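Asks: Supplied in structure tokens, the structure appears directly below.
The values are calculated or read from the model by the stated rules, or taken from the named source; none is laboratory data. Quick caveat: nothing in here was measured; it's all calculated off a predicted structure. Note that we place each Cβ from the backbone using ideal geometry, even for glycine, and neighbour counts take in every protein chain shown. What goes into the accessible areas is simple: the full protein's heavy atoms, side chains included, and nothing from ligands, DNA or RNA. Shrake-Rupley method; radii C 1.70, N 1.55, O 1.52, S 1.80 Å.
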Amino acid sequence: EAGVTQFPSHSVIEKGQTVTLRCDPISGHDNLYWYRRVMGKEIKFLLHFVKESKQDESGMPNNRFLAERTGGTYSTLKVQPAELEDSGVYFCASSGGMNTEAFFGQGTRLTVV
Amino acid sequence: GDSVTQMEGPVTLSEEAFLTINCTYTATGYPSLFWYVQYPGEGLQLLLKATKADDKGSNKGFEATYRKETTSFHLEKGSVQVSDSAVYFCALYNAGNNRKLIWGLGTSLGVNP
């Protein structure tokens, strides 16, 4: 069974450009989470989907970040326009229920220069 | 709000040494506690977990006991191997509060042969 897949694995973009990260959760998992780790800091929650609905987006840094999960399958996280402080590793996770184990992807390392 | 404080690294040990990585938490209610590991070039993997006080999680020779009286979940291994070199993250999940993982800073462990 395929795990959580994220791509790209790395992205280097210039300040002001747009980047879209993608996450394919484990098939059948209704819950999808985005997290981010900025260098030297703890992993921080960004948002949580239940199927196609945003259950909690309290961790989204600002309105330059837009997450979607059309059809309740894969999710995208768009950063537009990117700023230097957006650099970090973006992790996606999925789970089958509210109290079950979350499975993580390998992460996307975003570098904004 | 809920928080996790984790021993800072990096930690460097010789093979077969004893490992302790300290983790304490602050949370309302009855959180579940986790240790995740990220090996070089890979995603986050669940290492072990404990869902209630006095539970001991164990996996791959690692152990951690959920101590409510000291609000701790320290990770231990009696004899580390080179293959244990990775970044270790302590995290809590509070289904009754915010329904997302709250993370420690991560501790980088290097094991020398």
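Asks: Which entries in A:Lys54/A:Lys78; A:Lys51/B:Lys100; A:Lys41/B:Lys56 show an alpha-carbon gap greater than 19 Å?
Replies: Correct reply: A:Lys41/B:Lys56.
Asks: So, one more: Mind checking region B:1-79 for GluC sites (Glu not before Pro) that DSSP puts in a loop (not H, G, I, E or B) and that have at most 16 other Cβ atoms within 10 Å?
Replies: Those satisfying the criteria are B:Glu8, B:Glu15, B:Glu16, B:Glu42, B:Glu69.
Asks: Right, here's the next one. Semi-axes, largest first, in whole Å: what does sqrt of 5 times each Cα gyration tensor eigenvalue give for chain B?
Replies: Semi-axes (√(5λ), whole Å): 24, 14, 12.
Asks: So, one more: Let me know the mean shielding of B:45-51 by other chains, meaning the per-residue number of their Cβ atoms within 10 Å of its Cβ.
Replies: 1
Asks: Ranked from the most accessible area to the least, with a 1.4 Å probe and all protein chains present, what is the order of A:His29, A:His10, B:His74?
Replies: Largest to smallest exposure gives the sequence A:His10, B:His74, A:His29.
Asks: Then there is this: If ligands, DNA and RNA are left out, what is the accessible area of B:Lys52 with a 1.4 Å probe, given in Å² to the nearest 10?
Replies: Accessible area, nearest 10 Å²: 120 Å².
Asks: For chain A, just run the numbers: alpha carbon Rg, then divide by 2.2 N^0.38 Å, N being how many residues it has.
Replies: Dividing the Cα Rg of chain A by 2.2 N^0.38 Å gives 0.99.
Asks: Taking K and R as +1 and D and E as -1, what net charge do the other residues with C-beta under 12 Å from the C-beta of B:Tyr66 add up to?
Replies: +1
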